[in-house]
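The values are calculated or read from the model by the stated rules, or taken from the named source; none is laboratory data. Computed from a prediction, not measured in an experiment: that's the story for all the values here. Here the Cβ positions follow ideal geometry from the backbone for every residue, glycine too, while neighbour counts run over all protein chains shown.
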Ligand SMILES: [Ca+2]
């Protein structure tokens, strides 16, 4: 029995990590090391695998066991006024899991660690007030303040399932500040944002200029606050200027973008067009026509992925068949909206929910 336990301890041993003394084995093994890897707690939440004493020392909460019960799956939750330097920290609203009502400013600080270059925020839960008639987050807003990199959009509405990457810079020692400002008691707000710290030169880093980064052969990309139609309001936000990037998988040469459902693309003022039977319907446009309002950018996109294609797509349909193929690498979806949301609100535009599928190279 002692031999088996000793073997387990060696299996989970690792060169880097921390030192614990298993309580169950006095005198047999004095030192066990293991990496501080991600783990899942009994409630389904994620945490970091640490020695129990270390979890307590860093003011974490144990949500289960890990490393064959030698470690404690440690959760770091924090809220307004808090500061963190821990990976896998979760930023929640003060009354979480209950919601917030009223007017408040809630701010947390993420300290810069020497070897961390990027943050990834995963909005596991995110409900704030809807944008106003101009597509601006004037009632509630979620903001990221950073002293390096691009300006990130101010977010509001429903954004569960979304994520963003934030550059922290290599040399900088400046922290990143997240804040939620809420106004009025007509809305119940709730948020749970997981913060992942990504080391410099790590493969998990998003390429420069990519605020969103998708790493799978196929997935669904939605505009912020995408959801069911709200009469005389645009669901998507104005003043957007960001890029969602897709990692090119090995042996894949093209990408197909298609609407998740028949009506899941309405981004940029629609165009009237004649359909069968001389009925007028609202459709889409490409290229220069899209420069009048909001559009998504897909380089050299066309129905079958041949020819020069177009690089801007807008309106209430994505080309003729709600699908665009592009062979231009790297695979990117640029999202651009202007400050004028009048026509977008008049047409109750919802934004986009697009499925992408990478297409294998054909010899
Ligand atoms: Ca617009």
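Of all residues in the range 203-232, how many are farther than 18 Å from residue 330 by Cβ, in contact with a strand residue (DSSP E or B) (Cβ under 8 Å, 6 or more places away or on another chain) and surrounded by fewer than 13 Cβ atoms within 10 Å (Cβ to Cβ)?
0
Can you pull out every residue in the range 337-362 that is out of contact with any strand residue (DSSP E or B) (no Cβ under 6 Å at 6 or more places or on another chain) and modelled with pLDDT under 95?
The answer is 362, and nothing else.
Would you please list the contacts, defined by Cβ atoms under 7 Å and residues six or more apart or on different chains, that run from a residue in the range 283-309 that is in contact (Cβ under 8 Å) with a residue 12 or more places away in the chain to a residue that is assigned to a helix (DSSP H, G or I)?
Once the first residue is in contact (Cβ under 8 Å) with a residue 12 or more places away in the chain and sits in the range 283-309, its partners that are assigned to a helix (DSSP H, G or I) give 293/343; 294/344.
Which residue is modelled with the lowest pLDDT, if the candidates are limited to the range 37-59 and must be buried (at least 16 other Cβ atoms within 10 Å of the Cβ) and in a strand (DSSP E or B)?
Among those residues, the one meeting the criterion is 46.
Return the residues of the range 320-331 that are surrounded by fewer than 21 Cβ atoms within 10 Å (Cβ to Cβ) and farther than 22 Å from residue 152 by Cβ; say none if nothing qualifies.
Residues satisfying the conditions are 320, 321, 322, 323, 327, 328, 329.
Kindly provide the set of residues from the range 234-278 that are assigned to a loop (DSSP other than H, G, I, E, B), out of contact with any strand residue (DSSP E or B) (no Cβ under 9 Å at 6 or more places or on another chain) and either outside the structural domain of residue 218 (by TED's automatic domain parsing) or away from the ligand (no atom under 16 Å from the Cβ) (or both), ordered by number.
Once the filter is applied, which keeps residues that are assigned to a loop (DSSP other than H, G, I, E, B), out of contact with any strand residue (DSSP E or B) (no Cβ under 9 Å at 6 or more places or on another chain) and either outside the structural domain of residue 218 (by TED's automatic domain parsing) or away from the ligand (no atom under 16 Å from the Cβ) (or both), the range 234-278 yields 250, 262, 263.
Given (1) away from the ligand (no atom under 16 Å from the Cβ); (2) surrounded by 21 or more Cβ atoms within 10 Å (Cβ to Cβ); (3) within 25 Å of the chain's Cα centre (by Cα), identify the lone condition not met by residue 359.
It is condition (2) that residue 359 fails.
Conditions first: (1) crowded, with 22+ Cβ neighbours inside 10 Å; (2) at pLDDT 95 or above; (3) within 16 Å of the ligand (Cβ to nearest atom). Residue 334 passes all but one, so which condition is the exception?
Unmet for residue 334, out of (1) crowded, with 22+ Cβ neighbours inside 10 Å; (2) at pLDDT 95 or above; (3) within 16 Å of the ligand (Cβ to nearest atom): (1).
So which residues in the range 269-298 are within 21 Å of residue 356 (Cα to Cα) and surrounded by fewer than 16 Cβ atoms within 10 Å (Cβ to Cβ), if there are any at all?
287
Here are some conditions: (1) surrounded by fewer than 19 Cβ atoms within 10 Å (Cβ to Cβ); (2) without any contact (Cβ under 8 Å) to a residue 40 or more places away in the chain; (3) in contact with a helix residue (DSSP H, G or I) (Cβ under 7 Å, 6 or more places away or on another chain). Residue 74 meets all but one. Which one does it not meet?
Among (1) surrounded by fewer than 19 Cβ atoms within 10 Å (Cβ to Cβ); (2) without any contact (Cβ under 8 Å) to a residue 40 or more places away in the chain; (3) in contact with a helix residue (DSSP H, G or I) (Cβ under 7 Å, 6 or more places away or on another chain), the lone unmet condition for residue 74 is (1).
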